[in-house]
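The values are calculated or read from the model by the stated rules, or taken from the named source; none is laboratory data. Note that this is a predicted model, so its numbers are computed, not measured. Here the Cβ is made from the backbone with ideal geometry for all residues, glycine too, and neighbour counts use every protein chain on show. Each accessible area value is taken on the protein alone, full model and side chains, heavy atoms only, with ligands, DNA and RNA left out. Shrake-Rupley method; radii C 1.70, N 1.55, O 1.52, S 1.80 Å.
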Amino acid sequence: MKTILITGAAGDIGTHLRRELAGVYRLRLSDIRPIHNSSAGESFEQGDIADMDAALRITRGVDAIVHLGGVSAEAAWEPILHANIVGCYNIFEAAHRNGVKRVLFATSNHAVGFYRRDEIIDHRVYPRPDSRYGLSKVFGEQLGSLYADKYGLQVFCMRIGNLNVGPVDKRRLSIWISPRDLAQLVRIGVDHPDVRFEIVYGVSNNRRSWYDNSNAARLGYRPQDDSEPYAAEILARHTDDANADVEQYQGGTFVALETGGNPNTVS
Ligand code: 15L
């Protein structure tokens, strides 16, 4: 059985993945926060990934890393720099130094949030981050590209939409991913023999998707869930945001943050 490190394991995605992957892999959990309920098949190492010594310690001896750790929403530059730039760098560098073969990186729809909702985008589009947070995810993707090309690290970047037991609003009807679908994608990322450097979208089989997820399909991803059964109820209570950009761009409210409602996009 492979040993997988999950960074940021105390967060929502980590908590779902622990349940979904129990018995599939031995799980080493890490987080800056404590985890008190680790069970059989799990071990826990607390640490701040912005500290290289901690990053080296937690990544030692694992078969693959699922890197979720970091700030998971828009924030000031300092915390993004600390956790998502320095911390992310440390995880890739520590993986390389410790001889870990594979890193799965939890990137985000916000790496491409300035694409419009009437566009279907695939894994080859150039990034259009909608926030400092989205920019940090682009950094992580490109760090993965560097370590793949330079050192042969196997890197699987999952541009996650929104993980939840069900979609919570109109935008999430297009980007929702169920816990079991994310677990399937993670298992592909850990076990598929042909991963070198990949970008895939971490979304369910949503009829309203904005993504051409053919790269994930090529690697065998067959999502089980679709947000459509939730659509009627969600749309019945949806009212368009007064800011038209929020409704036009894939990143939603992230595109309009700190712009006074006037992002200078060229379409
Ligand atoms: C993300 O990347 C965030 O981590 C999550 O908290 C949500 O904001 C999600 O995107 C989303 O776009 O719904």
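Tabulated values for the structure
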quantity: Phi to ³J(HN,Hα) by Karplus 6.51 cos²θ - 1.76 cosθ + 1.60 over the range 149-165, Hz, x for Gly, Pro; calculated: 5, 7, 10, x, 4, 8, 10, 10, 9, 9, 7, 6, x, 9, 8, 6, 5
quantity: Residue-by-residue Karplus 3J(HN,Hα) for the range 180-187, coefficients 6.51, -1.76, 1.60, Hz, glycine and proline x; calculated: 6, 5, 5, 4, 4, 5, 5, 5
quantity: Mean separation of Cα contacts under 8 Å, 6 or more apart, over the residue count of the range 1-151: relative contact order %; calculated: 21 percent
quantity: Note, ³J(HN,Hα) from phi for the range 109-117, Karplus 6.51, -1.76, 1.60, rounded to Hz, x at Gly and Pro; calculated: 4, 6, 6, 10, x, 8, 6, 7, 6
quantity: Residue among S72, S214, S145 with the largest mean-square fluctuation in a Gaussian network model of the chain, springs linking Cα atoms under 10 Å; calculated: S214
quantity: V168-D240 pseudo-label distance in nm [points 7 Å out on the Cα-to-Cβ vector]; calculated: 2.4 nm
quantity: Furthest towards positive pole of dipole, V186, I80, F197, structure part the range 50-197, Cβ charges; calculated: V186
quantity: Potential extension, D51-M1 segment - 0.36 nm per residue separation minus Cα distance; calculated: 15.1 nm
quantity: Acute angle (nearest 10 degrees) that the helix 12-21 long axis makes with the longest principal axis of the chain, alpha-carbon atoms; calculated: 60 degrees
quantity: Segments 240-252, 117-129, 31-43 sorted - mean Cβ within 10 Å per residue, highest first; calculated: 240-252, 117-129, 31-43
quantity: Net charge dipole size for the range 1-90 [Lys, Arg +1 and Asp, Glu -1 on Cβ; Debye, nearest 20]; calculated: 400 debye
quantity: Highest to lowest packing among 197-203, 181-187, 130-136, scored as the average C-beta count within 10 Å; calculated: 197-203, 130-136, 181-187
quantity: Rounded Å value of the spacing that divides the Cα centres of the range 68-91 and the range 206-229; calculated: 28 Å
quantity: Under 15 Å, Cβ to Cβ, from D226 - net charge with Lys/Arg +1 and Asp/Glu -1; calculated: +1
quantity: Of all DSSP beta bridges in the chain, antiparallel share, percent nearest 5; calculated: 5 percent
quantity: Aspartates and glutamates with Cα under 20 Å of K150, excluding same-chain neighbours fewer than 8 positions away; calculated: D63, E93, E141, D194, E198
quantity: Selection from S214, A242, P167, by position along the positive dipole direction of the range 164-254 (Cβ); calculated: S214
quantity: Cα-based convex hull volume of the chain per residue, rounded to whole Å³; calculated: 126 Å³
quantity: Computed lengthening from N98 to R207, 0.36 nm per intervening residue step minus Cα-Cα distance; calculated: 35.1 nm
quantity: Environment charge of L143, counting only residues whose C-beta is closer than 13 Å and scoring Lys/Arg +1, Asp/Glu -1; calculated: -1
quantity: By average C-beta atoms within 10 angstrom, highest first, the peptides 216-223, 12-19; calculated: 12-19, 216-223
quantity: Charge context of M52, other residues only, Cβ under 12 angstrom, K/R +1, D/E -1; calculated: -2
quantity: Estimated dipole of the range 3-266 in Debye, rounded to 20 [Cβ of Lys and Arg +1, of Asp and Glu -1, Cα centre]; calculated: 660 debye
quantity: 0 to 90° range, to nearest 10: angle between helix 87-97 axis and the chain longest Cα axis; calculated: 40 degrees
quantity: The chain - percent of accessible surface contributed by carbon and sulfur, probe 1.4 Å; calculated: 50 percent
quantity: Heavy-atom accessible area ranking, 1.4 Å probe, most first, across Y230, Y211; calculated: Y230, Y211
quantity: 5 angstrom amide H check on F105, placed H, neighbours 5+ away; calculated: H67, F156, C157, M158
quantity: G202 long-range amide H proximity, modeled H, under 5 Å; calculated: R159, I160, G161
quantity: At R0 = 22 Å, FRET efficiency that the Cβ-Cβ distance of A217 and V24 yields, to 0.05; calculated: 0.55
